[in-house]
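The values are calculated or read from the model by the stated rules, or taken from the named source; none is laboratory data. Keep in mind it's a predicted model, so treat the numbers as computed, not measured. Backbone-built Cβ (ideal geometry, glycine too); neighbour counts: all protein chains shown.
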Amino acid sequence: MTYRMTYSITYIPALLLSCASSMAAITPAQLDKIIAIESSGNPAAVGDRGAGLGLAQFHYPSWQDTTAWRAANGLDAYPYHKALDATIARSYLHSWLTLNAARFTKATGRKPTLVDLYAIHNLGFNGYRQRGFDIGRCPGITKRKAALLR
């Protein structure tokens, strides 16, 4: 099952500006890879003992960070239960990865790899930073899933 992202006219300029500022444009193929790992493409997936919702298995704090970022960038924002809506979840994942690409670049001075972005998605930005932005210092499950992205 494949889900496609559609962009509104107001979304494109904000998206381009945010991608340019983060120095890392997130591609649809990258979104697809993370979605495949997180939910096998199931928009109704619930994981992590009920804490992860939807295609990207968003946890509430990550959804809230993304909501604040989207609102600040003039993008539509949605309540957490919308993580179960495939189109919205995919859009939020794009925003979440873009936000974290900018955070990563600011902290390290380099562009993140997809493995870096997955580790941030899985552990949170601070969780990955505490591990020195080193996938080798992450929990085994994170390393195994990140290896699927290479």
Check your understanding: Can you spot a residue in the stretch 68-86 that is surrounded by 17 or more Cβ atoms within 10 Å (Cβ to Cβ) and closer than 13 Å to Leu31 by Cα?
Key -> yes
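Search the stretch 87-108 for residues being over 24 Å from Val46 (Cβ atoms) and of a type in the set (Ser, Thr, Tyr), and hand back the single one that is surrounded by the fewest Cβ atoms within 10 Å (Cβ to Cβ). Reasoning before the result, please.
Kept after step one, since they are over 24 Å from Val46 (Cβ atoms), are these residues of the stretch 87-108: 98, 101-108.
Among the residues that remain, those that are also of a type in the set (Ser, Thr, Tyr) are: 98, 105, 108.
Working: Thr98: 23, Thr105: 17, Thr108: 13.
For the stretch 87-108, the residue satisfying everything is Thr108.
Of a type outside the set (A, V, I, L, M, F, W, C), touching a strand residue (DSSP E or B) at 6+ places or on another chain (Cβ under 8 Å) and at positive phi - does that describe any residue in the stretch 56-69?
Yes, the stretch 56-69 contains at least one residue that is of a type outside the set (A, V, I, L, M, F, W, C), touching a strand residue (DSSP E or B) at 6+ places or on another chain (Cβ under 8 Å) and at positive phi.
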Revision key, fill the gap. Quick count over the stretch 15-54, residues being modelled with pLDDT under 50, in a helix (DSSP H, G or I) and surrounded by fewer than 16 Cβ atoms within 10 Å (Cβ to Cβ), is 4
**Study point:** Out of Thr66, Thr87, sole residue that is more than 22 Å from Leu148 (Cα to Cα), modelled with pLDDT of 95 or more, of a type in the set (S, T, N, Q) and touching a Phe, Trp or Tyr at 6+ places or on another chain (Cβ under 6 Å)
**Key:** Thr66
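Could you tell me whether Ala72 is closer than 16 Å to Ser95 by Cα and over 12 Å from the mean Cα position of the chain (by Cα)?
Values: closer than 16 Å to Ser95 by Cα: yes; over 12 Å from the mean Cα position of the chain (by Cα): yes.
Taking the combined requirement at face value, the residue satisfies it.
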